[in-house]
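Have a look at the structure below before the remarks.
The values are calculated or read from the model by the stated rules, or taken from the named source; none is laboratory data. Quick caveat, the model's predicted, so the values are computed rather than measured. So basically every Cβ, Gly included, is an ideal-geometry build from the backbone, and we count neighbours across all protein chains shown. Heavy atoms of the whole protein, side chains included, go into the accessibility calculation; ligands, DNA and RNA do not. Shrake-Rupley method; radii C 1.70, N 1.55, O 1.52, S 1.80 Å.
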Amino acid sequence: MNFFSLAINNIKRSPVRGILTALSVFVSAATLIVVLSLDKGYSAAVSKDLGENTGIHLYVTREGCPIEAASVIAQGGLSPTYVDADIINRINHLPHIEEILPFKIFTFTTLDGTRTDIFMGITDAIMNVRPDWQIIKGGWFEEEYSVILGAEMALIEQLEISDRMYSEDLDTEFVVSGILERNLTQDDAAFFLPLETALRLVNREGRLSAIGIKLNDISYMDETRNVLQSMVPEDYYVVGSKELSDGILQFFGATRVIMFVMVIVAFTIAIFGIVNTMLMSVLERKKEIAYLKCVGAGRNDLIKMITLETLVICTLGSAVGALTGVIVSPIFGNFMRRFIVFFVPSGAIAQPNWQMALLAFFTCLIVGMACAIYPALKAARIVPMEVLRNE
C-alpha cells in the first residue's frame, strides 16, 4: 500500500467529516470566483457602456468631481447646479465634434420607496450618439407632451403607441409616441421627453444636467477637451467618459468591499474546518500513528501521510468549487442587476473565465495545504512510549 492509498482509506474511515471539510473548501473556491467575476465583469461592463456604447466621449458639467458628475449624469435628481443651455452655441462650431447631446435627467421616488421613475429630456441628437437607443414601436415625439418609453416601463405600465399616460409627480398627461428596444440598461426603465418640455415641467428652462459630446475622431479627445475647458466658465468642467466610468465604479466600491469580506469569511470557515478535521483525525489515531513509528515510520512519513489526506480533500473541494463558481457566476450577475441602483450596464455583470477558475483552485489548494502543517507536525511529534505505555 502506498501513501496515496493510505490517505484515501483514512478519509473513508470518517466520510461525513471529510465531505463537510471538502464542502467548506468548495464554498471558498466558488465564492472567490463569483466575487472575482462580478468585480471584473461590472468594471468592464461599465467602462464599455460609458466609453463605447454611449457614443459620448466628453461631458460638460458643473460637477468637478467625477463621482458627483456620475451621480448627476447616471442617476439624475434635481441638482441645484446646472449647465446653461447657451453653452451649446459657444461650442457647436468646434472642429472634431460630430454631435452635441444636451439632456436633463430627474427622478421621482414613490412614497413607499419601492419604485423610482427616471425622466430624461432629450433631443433627436440621441439617435446619432447612442447606437443602442433604438425605437422598435412608433417613432419620434409627435407633440409637446409626447413620451418615449423604455421597454420595461412599457411592459409595467401596459402601454402601447397612442395610449395616454398620466404622471402624478409632474401632474401631466402624456401620449406614447414610441417604445424602445430592450438594451438591458437604465433606458429600459426610463421615460424620455422632449428636452424643452422636460425643462419646463421642472421649472428649469435653459438649465441642463449636462451636455454630451461625440467626437468624429477620439484621437483629438485631449485637444478638444482642453479647448472646451478654455471656452466654458471657470466653474464648468469637461469630464472624459473614462473619468465618469471611474466615478461610477467608486459607487460600486462599497459593494466590492462587502463581497471581498464574504470571501474572507468563507476562507476563515474553511481554514478552521480543515485544521479541525485533520487535528481530530490525528488525535483519534494516536495509537495507530504510534504503532507506525514503532515499525519504522519516520517523521517525514507521517507528515507526508497527513499532508496527502489534506491534499485529497482540498483538491476535490477546490476543483468542484471552481467549476461551480464558473457556472453560477452569471446567475449571481443577473440577480445583482435587479438591485444595483447607481448604474446598470448593458453588458454581463459577471464575466468568469478559466484564469479565475485556476486562481481560485490553486488559492484554495495552497490555503488548505498550509492548514495541514500544524496537524502534520502534531502527528510527527507523537512519542510511542507515552501513547502505548498502558498497552
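Per-structure values
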| read-out | value |
| --- | --- |
| Where a residue in region 152-169 is farther than 14 Å from Ile118 by Cα and its partner, wherever it lies, is among the basic types (Lys, Arg), with Cβ under 8 Å and at least six apart | Glu160/Lys137; Ile161/Lys137 |
| Count of region 153-205 residues which are in contact with a Ser or Thr (Cβ under 7 Å, 6 or more places away or on another chain) and at pLDDT below 90 | 3 |
| Residue list for region 125-142, restricted to those being free of Cβ contacts under 8 Å to residues at least 60 places away in the same chain and over 14 Å from Ala198 (Cβ atoms) | Ala125, Met127, Trp133, Gln134, Ile135, Ile136, Lys137, Gly138, Gly139, Trp140, Glu142 |
| Test: residue in region 148-157 that is of a type in the set (Val, Ile, Thr), over 17 Å from Tyr59 (Cβ atoms) and under 27 Å from the mean Cα position of the chain (by Cα) | yes |
| The one condition in (1) open to solvent by less than 70 Å² (accessible area, probe 1.4 Å); (2) farther than 30 Å from Phe332 by Cα that Leu249 fails to fulfil | (2) |
| Count - residues of region 209-223 that are closer than 23 Å to Thr81 by Cβ and touching an Asp or Glu at 6+ places or on another chain (Cβ under 9 Å) | 3 |
| Elements of type strands (runs of 3 or more DSSP E) contained in region 174-248, each with 1 or more residues being within 30 Å of Gly138 (Cα to Cα) and more than 27 Å from the chain's Cα centre (by Cα) | 190-194, 210-215 |
| Residue within region 172-184 that is among the polar types (S, T, N, Q) and closer than 19 Å to Thr123 by Cα present | yes |
| Near pairs, Cβ below 9 angstrom, 6+ apart or cross-chain, from region 189-215 (touching a residue at least 40 places away in the same chain (Cβ under 8 Å) and closer than 26 Å to Ile156 by Cα) to any residue that is buried (at least 18 other Cβ atoms within 10 Å of the Cβ) and of a type in the set (Asp, Glu) | Ala189/Asp117; Ala190/Asp117; Phe191/Asp117 |
| Top-ranked residue in region 133-147 [being surrounded by fewer than 17 Cβ atoms within 10 Å (Cβ to Cβ) and closer than 26 Å to Arg337 by Cα; ranked as farthest from the chain's Cα centre (by Cα)] | Lys137 |
| Condition broken by Gly55, with the remaining ones in (1) in contact with a strand residue (DSSP E or B) (Cβ under 7 Å, 6 or more places away or on another chain); (2) open to solvent by less than 50 Å² (accessible area, probe 1.4 Å); (3) at pLDDT 75 or above satisfied | (3) |
| Residue identified as among the β-branched types (Val, Ile, Thr) and touching a helix residue (DSSP H, G or I) at 6+ places or on another chain (Cβ under 9 Å) among Ile97, Ile126 | Ile97 |
| Single match in Thr324, Thr310 (criterion: more than 30 Å from Ala380 (Cα to Cα) and either in contact with a helix residue (DSSP H, G or I) (Cβ under 7 Å, 6 or more places away or on another chain) or of a type in the set (Phe, Trp, Tyr) (or both)) | Thr324 |
| Unique residue being in a helix (DSSP H, G or I), modelled with pLDDT of 85 or more, more than 21 Å from Met305 (Cα to Cα) and open to solvent by less than 40 Å² (accessible area, probe 1.4 Å) when the list is Val34, Val46 | Val34 |
| Qualifying residue in region 277-291 (condition: out of contact with any Lys or Arg (no Cβ under 6 Å at 6 or more places or on another chain), polar (S, T, N, Q) and closer than 28 Å to Ala360 by Cα) | yes |
| Per-region count, region 17-31, residues in contact with a Gly (Cβ under 7 Å, 6 or more places away or on another chain), open to solvent by 10 Å² or more (accessible area, probe 1.4 Å) and polar (S, T, N, Q) | 1 |
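So that you can scan it fast, the table gives a plain yes or no per residue for (1) open to solvent by 70 Å² or more (accessible area, probe 1.4 Å); (2) of a type outside the set (Ser, Thr, Tyr); (3) touching a Lys or Arg at 6+ places or on another chain (Cβ under 6 Å):
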site	(1), (2), (3)
Asn183	no, yes, no
Ala190	no, yes, no
Arg207	yes, yes, no
Tyr220	yes, no, no
Glu234	yes, yes, no
Lys242	yes, yes, no
Arg256	no, yes, no
Ile264	yes, yes, no
